[in-house]
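The values are calculated or read from the model by the stated rules, or taken from the named source; none is laboratory data. Computed from a predicted model, the values in this text were never measured in an experiment. Positions of Cβ are generated from backbone atoms using ideal geometry, with glycine treated the same way; all protein chains shown enter the neighbour counts. All accessible areas refer to the heavy atoms of the entire protein, side chains included, with ligands and DNA or RNA removed. Shrake-Rupley method; radii C 1.70, N 1.55, O 1.52, S 1.80 Å.
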Amino acid sequence: FEDNYKEAEENLDYALLHCHKNATSNKKRILNYLIPVKLERGRLPTVKLLEKYNLKEYVPLVTAIRRGDLRQFNDTLLKYQDKFIQRGTYLLLEKCKTVCHRNLFKRVFVIMGTHQLPLDNVANALKWLGMEIDLDEVECILSNLIFKKYVKGYISHSMRVLVLSKKDPFPIDAVVKK
């Protein structure tokens, strides 16, 4: 893909669209590459599509991204690691962890109901998912999300608080790339 995911998505979409309707194995081959590209670009396939083409390895991955469940995301990547490496899609799928982080932090925001999230609470959410992580790592993850514009806000380092924008703190258009 050479990190040109937009072009890769367009070409793979074209291949899938022009594939013969009865060529199920060819469609499955195309989807094995198209799905990771779409995930990286913020487009999540339906479970129905994944089941139709027997791509069961993606079901828990997509569910984890939707929920922001990093434990399930990491467990699924580990479980199917050999398969994804063999296809050459592992590193691309690893990049999707950023969207999973964003969705987890959005859930914390919704649960807390405030635009000022103490980093301790974010770290506790990660610990609850079985990820031992210190506040510096939480700050690093959040800094990357802010830099990528997945999260609107800033980190008050001295107060150890994530201050979110009151207007659209988790913009969808930053995640779903056009």
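Observations on the model:
- Helix 5-17 vs. the chain, principal-axis angle (Cα, 0 to 90°, nearest 10): 40
- Compactness of the stretch 1-104 was expressed as the Cα radius of gyration divided by 2.2 N^0.38 Å, which yields 1.03.
- Relative to the dominant Cα principal axis of the chain, helix 97-112 is inclined by about 40°.
- Using the rule -39500 (n - 2.57) for each DSSP H run of four or more residues, divided by the residues of the chain, the 222 nm mean residue ellipticity is -18500 deg cm²/dmol.
- Taking every protein chain into account, the accessible area of the stretch 134-178 amounts to 63 square angstrom per residue (probe 1.4 Å).
- Carbon + sulfur, % of accessible area of the chain - ligands and nucleic acids excluded, 1.4 Å: 54
- For the residue pairs Lys95/Lys167; Lys6/Lys38; Lys106/Lys127; Lys106/Lys148; Lys28/Lys56, the alpha carbons lie more than 19 Å apart in Lys95/Lys167.
- Computed Kirkwood radius, in angstrom, where 1/r is averaged over Cα pairs of the stretch 113-178: 12.4
- Solvent-accessible surface (1.4 angstrom probe) belonging to Lys106, in square angstrom, nearest 10: 80
- If R0 is taken as 45 Å, the Cβ-Cβ distance between His157 and Leu17 corresponds to a FRET efficiency of 0.40.
- For the chain, a Gaussian network of Cα nodes joined below 10 Å ranks Tyr53, Tyr150, Tyr33 by mean-square fluctuation, and the top entry is Tyr53.
- (1) 17.3; (2) 15.8; (3) 18.4, with the label sought being that of the calculated Kirkwood radius over Cα pairs in Å: (1)
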